[in-house]
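Asker: Below is a structure I'd like to ask you about.
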Amino acid sequence: AIYHAEEAGIPAKETMWGLNRMASAKKLLESIKAHDEAHEESYSSTKKKGGKTQWVKDNHANGCMVHGCNVRFSIFVRRHHCRHCGKVVCNTHSQGRVQVQGYKKPQRICDNCYETIPRTPNY
């Protein structure tokens with residue numbers, strides 16, 4: 001059994017470099033987790049302001065907020081705000097239009113809200 005890197009022919013300097021890289025990666029992951037936890041409230045905000053939903057700020061969403069969607073926003077992929085929950089979503093996940101309190105015309109909502117909020121049929 002090999003217990004030290006030197007016994008395997010690996011210089012101690014290279015082993016320390018590998019450990020430093022692992023420590024750096026761990027710190028990065030911890031930083032990302034802390035950022036996500038700090039912004040969790042803004043990601044799921046459904047606060048009403050003057051009868052309308054307060055939207056998640058654009059700079060808080062790099063990609064679609066629908067669970068399981070991996071789309072990242074760019075100059076070619078536009079972001080859309082759900083008028084019901086305020087989350088930022090891609091076009092694919094915001095096809096539904098319904099009447100939302102505070103608006104005169106039917107508004108864009110995310111697929112999650114479209115599936116959960118009650119709607120009146122269009123006659």
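Asker: Give the residue list of trypsin sites (Lys or Arg not before Pro) in the range 72-118 that are DSSP loop and have at most 16 other beta-carbon atoms within 10 angstrom.
Answerer: Arg78, Lys104
Asker: Follow-up. What length, rounded to one decimal in nm, is gained on full extension from Thr92 through to Lys26, with 0.36 nm per residue of separation minus their alpha-carbon distance?
Answerer: Here the answer is 20.3 nm.
Asker: What number comes out for the charge environment of Lys105, summing +1 per Lys or Arg and -1 per Asp or Glu over other residues with Cβ under 11 Å away?
Answerer: Net local charge, Lys105 excluded: +4.
Asker: Amide H to amide H, which residues 5 or more places from Gln107 or on other chains are under 5 Å from it, using H placed in the peptide plane?
Answerer: Those lying under 5 Å, H to H, from Gln107 are Val98, Gln99, Val100.
Every number here is computed from the coordinates shown, using simple stated rules; none is lab data. Please read all numbers here as calculations on a predicted model, not as lab measurements. Cβ atoms come from the backbone with ideal geometry, glycine included; neighbour counts cover every protein chain shown.
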